[in-house]
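What follows is a short report on a single structure.
No lab work stands behind these numbers, since they all come straight from the coordinates. All values derive from a computational prediction rather than experimental measurement. Note: ideal-geometry Cβ built from the backbone for every residue, glycine included; neighbour counts use all protein chains shown.
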Amino acid sequence: MASHVGGVQPQAAPSAHHRAAESGWIVFAAVMMIFAGLLALSQGISAIRNDQVFVVTRHYAFAFDLTGWGWVHAIVGALAVVAGAALFTGAMWARVVGVVLAGLSLIANFLWLPYYPVWAVALLILDALVIWALCTGPGMAERAQREASMGQQGQQGQGPPVTSR
């Protein structure tokens, strides 16, 4: 005997898989943001503590005092660590703040290239990966639309047939 049971949603499994993939990217971004923030913080502390650690180039268009650059990196790094920790909550504001801070860090590390190129390139790559990971997940509008379409299918009784023996 076969009957249709309303409220059974065959799309529930792919949706759960999609949510797991989305949360995986957010966790990746959070961990990378904390890691990049700690690296930037240590880079800033190094520049503040001892100016002779880094090579000073002549005639650089964005030439600042290394202590000033150290403060920029230390502040952006500390904020990135806090924002990375906030990403674990899954809040949309944390994603937006994460993208903004990773963008600021990306710009600061680009301007830092003549002083410490290998370190700056590594942090540029980490910042770009964080921005990509935070922007790849579906937005709130897409998620609400997907959930609404799944709810309508369940109300119409379009679930799979249920058999009993």
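Peptides 30-37, 90-97: what's the order by average Cβ count within 10 Å, highest mean first?
Working: 30-37: 22.8, 90-97: 15.0.
Descending packing order for the listed peptides: 30-37, 90-97.
Residue separation times 0.36 nm, minus the C-alpha to C-alpha distance between residue 121 and residue 71: what's the value? Kindly include the intermediate steps, with their values, before the conclusion.
Numbers: separation 50, 0.36 × 50 = 18.00 nm, distance 1.93 nm.
So the chain would gain 16.1 nm between residue 121 and residue 71.
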